[in-house]
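The values are calculated or read from the model by the stated rules, or taken from the named source; none is laboratory data. Quick caveat: nothing in here was measured; it's all calculated off a predicted structure. Because the Cβ atoms are built from the backbone with ideal geometry, glycine has one as well, and the counts that use them run over all protein chains shown. For accessibility, only protein heavy atoms count, side chains too; no ligands or nucleic acids. Shrake-Rupley method; radii C 1.70, N 1.55, O 1.52, S 1.80 Å.
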Amino acid sequence: SRRGRVLTAAAAAVVVLAAAVWVVGFTGVLGVRTVAVTGVGRVLTAEQVRAAAAVPDGRPLARVDTGAVADRVRALAGVARVAVSRSWPGTVRIAVTERQGVAVVRRDGAGWLVDGTGVVFQRHPAGRRTLPLLDVPAAGPGDPATRAALAALTALPAEVGKQVTTV
């Protein structure tokens with residue numbers, strides 16, 4: 001009888017554990033209800049990030065691949081860094097750090113923002129001349145001329161940098 005109680009308690013524990021695993025990992029009880037996005041507004045919208053994240057509503061939170069979500073969001077041109085986490089009982093949190101333009105390059109007759117690493121990421125509004133023009137043949141993070149020009153520009157004191165019109 002003591003052995004029977006121990007076996008019954010062990011069986012009950014296994015059943016409870018199996019039920020908990022099933023509820024958490026395979027049902028929508030603790031599924032995604034909200035995708036909260038922070039850190040956007042200048043370059044991207046929360047809706048753009050949610051669309052790129054592609055987290056299905058109701059998917060069990062425990063089964064959300066946060067690394068894959070981060071990779072999909074990171075593919076957006078305006079994203080410098082991203083962190084994805086789960087917040088129980090039903091929220092996926094996406095914290096974005098947007099790229100910040102430090103110069104403008106000309107492509108196809110339009111101005112495009114370039115961040116401090118040389119990534120061209122967003123069309124610059126026509127007629128606004130707030131950042132210096134980066135005059136290099138092939139702007140990009142792998143271009144030595146781009147890297148050198150941006151290093152010189154970002155090394156300048158802020159009050160001097162505001163006076164620069166072309167690099």
Scan of region 86-101 for residues that are open to solvent by 50 Å² or more (accessible area, probe 1.4 Å) and in a strand (DSSP E or B), ordered by number:
R86, R93, T97
Residues located in region 34-59, provided they are in contact with a Ser or Thr (Cβ under 7 Å, 6 or more places away or on another chain) and under 30 Å from V21 (Cβ atoms)
T34, A36
Six or more apart or on different chains, Cβ atoms under 6 Å: show the pairs whose first residue is in region 24-46 and open to solvent by less than 60 Å² (accessible area, probe 1.4 Å) and whose second is among the hydrophobic types (A, V, I, L, M, F, W, C) and part of a loop (DSSP other than H, G, I, E, B).
V24/L30; V32/V55; V35/V55; A46/V40
Could you list all residues from region 113-124 that are open to solvent by 60 Å² or more (accessible area, probe 1.4 Å) and without any contact (Cβ under 8 Å) to a residue 24 or more places away in the chain?
R123
Just one listed residue, out of V73, V104, is under 18 Å from Q48 (Cβ atoms) and either over 19 Å from the mean Cα position of the chain (by Cα) or not basic (K, R) (or both), and it is V73
Count - residues of region 134-167 that are open to solvent by 40 Å² or more (accessible area, probe 1.4 Å), assigned to a helix (DSSP H, G or I) and either touching a Gly at 6+ places or on another chain (Cβ under 7 Å) or at positive phi (or both)
2
Scanning for something within 30 Å of L153 (Cα to Cα), open to solvent by 50 Å² or more (accessible area, probe 1.4 Å) and among the hydroxyl-bearing types (S, T, Y), does region 70-85 turn up at least one residue?
no
